[in-house]
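Below is one structure; the comments refer to it alone.
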Amino acid sequence: MSQPITASGRYAVQVGAFGNRNNATRLVQRIENAGMPTFTRPQRNLTAVRLGPYGSRSEASAAARSYRQAFGGQAVIVRN
């Protein structure tokens, strides 16, 4: 699974937040198998799963569209 990182881009796309780290791991594996860059970040008592990082909002927006097409889930652009 992707390790939590300090991502250098200004934007990321959050695609999930899980109380159970195993659920985050499963989602990361699915996304990485599809060739999308993924990282995790702790958020209070959750593990957030994010795509990126991206240098611009337009890059993040394109990644969010690709994620929605591939997985059908929610994808929210966030500041990294």
Inset, instruction - Kindly list the number of the only condition in (1) open to solvent by 60 Å² or more (accessible area, probe 1.4 Å); (2) hydrophobic (A, V, I, L, M, F, W, C); (3) at pLDDT 95 or above that fails for A62. - result: (1)
Inset, instruction - State whether one or more residues within the stretch 16-25 are surrounded by fewer than 15 Cβ atoms within 10 Å (Cβ to Cβ) and of a type in the set (D, E, K, R). - result: yes
Legend entry - Number of the exception - G55 against (1) more than 12 Å from the chain's Cα centre (by Cα); (2) open to solvent by 80 Å² or more (accessible area, probe 1.4 Å): (2)
Legend entry - Qualifying strands (runs of 3 or more DSSP E) (wholly inside the stretch 20-80; at least 2 residues being in contact (Cβ under 8 Å) with a residue 60 or more places away in the chain and of a type outside the set (K, R)): 76-79
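The values are calculated or read from the model by the stated rules, or taken from the named source; none is laboratory data. Worth saying up front: this structure is predicted, and the values here are computed from it rather than measured. FYI the Cβ positions are ideal-geometry reconstructions off the backbone, even for glycines, and counts take in every protein chain you see. Side chains included, ligands, DNA and RNA excluded: accessible areas come from the protein's heavy atoms. Shrake-Rupley method; radii C 1.70, N 1.55, O 1.52, S 1.80 Å.
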